[in-house]
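First up is the structure itself, then whatever we jot down about it.
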Amino acid sequence: MNSTQNGYQHENENKICEAMQLIKKSKEGFEEIYFKVDENKTKFIYVPKSYFLKYMRTLNEFKNNHFEIAHGVKQPDEVLINLLTRQIIVIEFKSQKTKGSVCEKLQTAPFKRENLRTNFKGYEVHYIYVLSNWFLENARVELKYLESQDIKVFWGFSNKRKLNSFISYILSL
């Protein structure tokens with residue numbers, strides 16, 4: 001199985017959709033949601049993969065903007081947007097089982113976050129990785145760097161406790 005297939009498998013195993021309650025779905029593919037465990041029912045816009053820039057262009061403040069989006073930033077795996085607090089939360093899933101270039105991709109998160117901050121002024125941008133356990137032993141230097149850059153890392157949602165921890169973090173932002 002190649003790394004792309006591993007990645008898709010990891011994404012599918014870690015979908016946060018199961019923890020969401022749909023409020024409204026647009027014909028363009030965006031969803032207004034809240035998390036089922038959130039008593040306050042904080043509203044987020046959930047934007048999957050290729051819809052991120054499309055959604056941002058629907059906001060009046062960005063309608064006529066020309067975005068200069070860096071490679072690798074245009075299609076984050078998943079994005080949550082809190083319009084009330086003006087936060088963009090990018091969620092990237094990475095999986096690895098053998099040595100390869102995925103470790104190098106981890107190093108790009110601070111750059112990607114800064115690129116989004118530049119393009120979407122007035123929004124706070126958070127970058128989160130959901131990683132397979134392989135990285136614990138094989139990407140120690142990269143993980144220390146991410147921590148120093150305030151990039152949050154979660155280790156999959158193989159159980160409800162891990163998923164709830166992830167959701168609690170999102171709600172605490």
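The values are calculated or read from the model by the stated rules, or taken from the named source; none is laboratory data. All of these numbers come straight from a predicted model, not from anything done at the bench. Cβ: placed from backbone, ideal geometry, glycine included. Neighbour counts: every protein chain shown.
Here are some notes:
- Pairs with Cβ under 7 Å, 6+ apart, first in region 47-76 and in contact (Cβ under 8 Å) with a residue 60 or more places away in the chain and under 15 Å from Tyr123 (Cα atoms), second in a helix (DSSP H, G or I) and of a type outside the set (Lys, Arg): Met56/Phe62
- From the list Ser168, Ser132, the one residue that fits, being of a type outside the set (A, V, I, L, M) and under 30 Å from Glu61 (Cα atoms), is Ser168.
- Residue within region 106-121 that is of a type in the set (Lys, Arg) and under 13 Å from the mean Cα position of the chain (by Cα) present: yes
- Scanning region 123-173 for residues that are more than 18 Å from the chain's Cα centre (by Cα) and within 15 Å of Ala19 (Cβ to Cβ) yields Asn159, Lys160, Arg161.
Per-residue answers, yes or no, for (1) surrounded by 16 or more Cβ atoms within 10 Å (Cβ to Cβ); (2) among the aromatic types (Phe, Trp, Tyr); (3) in contact with a helix residue (DSSP H, G or I) (Cβ under 6 Å, 6 or more places away or on another chain); (4) modelled with pLDDT under 95:
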position: Glu114; (1), (2), (3), (4): no, no, no, no
position: Phe120; (1), (2), (3), (4): yes, yes, no, no
position: Glu124; (1), (2), (3), (4): no, no, no, no
position: Tyr129; (1), (2), (3), (4): yes, yes, no, no
position: Asn133; (1), (2), (3), (4): no, no, no, yes
position: Leu143; (1), (2), (3), (4): yes, no, no, no
position: Gln149; (1), (2), (3), (4): no, no, yes, no
position: Phe154; (1), (2), (3), (4): yes, yes, yes, no
position: Asn159; (1), (2), (3), (4): no, no, no, yes
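- Filter pass, Glu114 being assigned to a helix (DSSP H, G or I), of a type in the set (Asp, Glu) and within 21 Å of Glu78 (Cα to Cα): yes
- Tally, over region 120-173, of residues that are polar (S, T, N, Q) and either free of Cβ contacts under 8 Å to residues at least 12 places away in the same chain or outside any loop (DSSP other than H, G, I, E, B) (or both): 7
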